[in-house]
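Throughout, read-outs are computed from the coordinates displayed, never taken from laboratory work. Bear in mind that the values here come from a model prediction, so they are computed numbers and not experimental data. Methodologically, a virtual Cβ is constructed for each residue, glycine included, from the backbone with ideal geometry; neighbour enumeration extends over all protein chains shown.
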Amino acid sequence: MAGLHKSDFPNPVINWIDTRLPVFTLMQKEYGTFPTPKNFNYFWNFGALAVVALMIMIVTGIFLAMNYTPNVTMAFDSVERIMRDVNYGWLIRYVHMNGASMFFIVVYIHIFRGLYYGSYKAPRELLWMIGVVLLLLMMATAFMGYVLPWGQMSYWGATVITNLFSAVPAVGPGIVTWLWGGFSVDNPTLNRFFSLHYLLPFVIVGVLFLHVAALHITGSNNPLGIEVKSPQDTLPFHPYYTVKDSVGVCVFLLIWAALVFFYPNYLGHVDNYTPANPLATPADVVPEWYFLPFYAILRSVPNKLGGVSMMFGSILVLFVLPWLDTSPVRSCRFRPIYRQLIWVLVVDVLLLGTVGAHPPEGIWVVIGRVCTSYYFLHFLVVLPFLGKLERPLPLPESISRPVIPRGGGPLPGAAPAKPMGKP
Amino acid sequence: MADTVTVPPVGHVTEAPRRDLLKLVTVASAAIGAGAIAWPLIDSMNPSQDVLALSATEVDLTPIAEGSGITVLWRGKPIFVRHRTPEEIKSAEDVPLNQLIEPQPDSQRVKPGHTQWIIVIGICTHLGCVPLGNKPTDPRGEWGGWFCPCHGSQYDTSGRVRHGPAPLNLNLPPYAFETDTKIKIG
Ligand code: HEM
Ligand code: FES
């Protein structure tokens, strides 16, 4: 395998580097000419948006860490100092704080896209599973980040979430003590959370690399859910999708900026501006909005181990989704029944989120239980059977057909030299 | 604006410059945006408001005996406050300026009426060590002021550099006499 790469770049400096380390050829191949289905809608922006969010979170996080002190006596004040004294500290913190929400919104829509268009089905199962790993890593990162300001919600959130592990039979309490590094959430806990909160985003970057590598092996799915059949079905990634992604990025950044500048604390909880007090739990402990549906599932089960298992199970079920869904058709467009049921699932999850935001009393308990049951019913019962019962609509012959009604001539720039054909 | 532009004939010829302009505008606005985002991040590494607020230090001069000095901390830096003997004052005032590496009369380095007090930032102008010489028992160098142990720079009783490698005199902090026996630095 040894040997220099034969580079086509005319620029002598780029050519020299590329001959020895073909990164330019790689970028050109994977992001320049990369053949991409030509019928993407804006749902296909969200992966790129998540990458942008991740990068902004890492950059703002690094600058926050320059002024943050991970010590129980100083953490809260160091955050207040960032808000009041550090130049633009308020801006950096609000971007980071609201960035977590923006990141989750984008990734939840990204997951919805996968569910709606069947992107998890063969051959993209591993790509999907790597995605679920990314989701779990994001959740761990966000949770530990929320502990760092050491406000009341930080402290009690950390207490409640770490105590989840006490539900594990026999070794549970030992695990919790180990997580804490003591007998309650305290300085050792804060120190390790800071260390891990700094580490995990870089782990996410590594796993993201695998996610994208897997994507570039299978190629992207598309709104029709049928495979690319000929070069006519594709466009080079650049400039078509670099530009389409840029449009999305602009809108995304505008919304993020609107949150930061006009409603910086809208998604947060006031109690986190009260310093942590290990002796008094706030009246209602709620997690950040993006954890609410899972929190609702936890509370819907009147049994400690049961609730914890269901909560983790609600995410783990996504790992086996490619095998639970038995329908050979990917896109919801051609699945008349599933197209309705997926909206039921969306409403179900939104309702769970609402339940999670309310104290577990009265009607909320009932709604929570119904929604939790439906959530699992959808994945474990509906999907396996529906694939067998549902009659899908006829699939189009190729991507080009429905896009260009009469057969379709080659589009400018779309792999012009290649002969068409080979179905 | 529009009417000053000659409209070229429609056709493929116009495509390339139009595209170039679009690219240029896009890349330029992205660059401006990136710069606008970079600045708050860079500025956040400058001294923060609380650090700037900590910038004044008061020093009581009464305990400092003639011939010796003390070191106080101001903005994280050592400040030498030294009580000069009449001989030290005289030697500082009498040096011909052409013998100095950075010529500066002693009168510009002390406050009028308080010539016995020389107050300098105790950071060697070579590479930032703290010179010795506040205590009478310290090595003070050939010119009786301060001696830097790092690379051998020597300063006189006015804090002026007399022997390299340091290129400049010891810097003066901003300060004022609040009373005859009390100064406020910063
Ligand atoms: C850190 C979070 C994540 C980042 C940065 C990320 C990034 C990306 C990017 C850049 C793409 C290609 C563009 C696109 O198709 O939108 C992509 C595709 C994909 N992602 Fe993610 N992703 C993340 C999380 C997830 C999660 C949580 C899942 C599912 C559980 C997932 C499942 C998929 C699938 C199935 C595809 C292929 C979609 C298709 O071809 O239709 N990703 N991801
Ligand atoms: S630092 Fe003082 S002589 Fe080099």
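Taking every full run of DSSP H in chain A, the ones that stretch at least 30 Å from end to end by Cα along their long axis and average 1.0 or higher on the Kyte-Doolittle scale are A:125-147, A:187-218, A:237-262. Here the dipole of chain A is about 1380 debye; that uses its Cα centre as origin and unit charges on the Cβ of Lys and Arg (positive) and Asp and Glu (negative). Cross-link partners for residue A:304 among the lysines, with Cα-Cα distance under 28 Å and sequence neighbours closer than 8 places in the same chain left out, do not exist in this structure. Residue exposure proxy: A:197, A:238, ordered by other Cβ atoms within 10 angstrom of their Cβ from fewest to most, comes out as A:238, A:197. Taking springs between alpha-carbon atoms closer than 10 angstrom, which of A:361, A:30, A:288 fluctuates most in the Gaussian network model of chain A? Answer for the Gaussian network model of chain A: A:361.
Taking packing as the residue-averaged number of other Cβ atoms within 10 angstrom, the listed peptides A:261-267, A:313-319 run from highest to lowest as A:313-319, A:261-267. Site pair residue A:388 and residue B:100 shows an inter-label distance of 9.9 nm when each label is modelled 7 Å from Cα along Cα→Cβ. Packing around the peptides A:62-72, B:139-149, taken as the average count of other Cβ atoms within 10 Å per residue, puts them in this order, highest first: B:139-149, A:62-72. Taken residue by residue and averaged, Cβ atoms of other chains lying within 10 Å of the Cβ of B:37-43 number 5. Protection proxy ranking, highest mean first, for peptides A:345-357, B:105-117: A:345-357, B:105-117, where packing is the per-residue count of other beta-carbon atoms within 10 Å, averaged. Per residue of peptide B:46-56, the mean number of Cβ atoms on other chains within 10 Å of the residue Cβ is 3. The range A:30-69 and the range A:158-188 have Cα centres spaced 34 Å apart. In straight-distance terms, cross-link reach from residue B:182 covers every one of the aspartates and glutamates whose alpha-carbon lies under 13 Å from its own, apart from those fewer than eight places away in the same chain; here that gives B:58, B:60. Assuming charge only on the beta carbon of Lys and Arg (+1) and of Asp and Glu (-1), the dipole of the range B:52-185 about its Cα centre is about 340 debye to the nearest 20.
Residues A:332, B:150, arranged from fewest to most other Cβ atoms within 10 angstrom of their Cβ, appear as B:150, A:332. Dividing the mean sequence gap of close Cα pairs (under 8 Å, 6+ apart) by how many residues the range B:61-130 holds gives a relative contact order of 32 percent. Across the cross-link table entries B:111/B:135; A:6/A:38; B:90/B:111; A:229/B:23; A:6/B:23, which are compared at the Cα atoms, the separations over 27 Å belong to A:6/A:38; A:229/B:23; A:6/B:23. For residue A:388, the lysines whose Cα falls under 25 Å of its own Cα, not counting residues fewer than eight places away in the same chain, are A:121. At a Cβ-Cβ separation cutoff of 4.7 angstrom, cysteine residues of the protein assembly as shown with no neighbouring cysteine are A:250, A:332, A:371. Taking B:28, B:92, B:65 in turn, the Gaussian network model of chain B (Cα-Cα springs below 10 Å) assigns the largest fluctuation to B:28. Note on chain A: dipole from Cβ charges, positive end direction compared against A:311, A:15, A:273; the farthest Cα belongs to A:15.
Inter-chain Cβ neighbour count for A:77-88, averaged per residue, equals 4 (cutoff 10 Å, partner chain atoms only). The range B:114-162 and the range A:312-381 have their alpha-carbon centroids 76 Å apart.
Amide hydrogen proximity for residue A:87: with H placed 1.01 Å from N in the peptide plane, the residues at 5 or more positions away or on another chain lying under 5 Å are B:49.
Counted by neighbouring Cβ atoms within 10 Å, the residues A:81, A:335 run from fewest to most as A:81, A:335.
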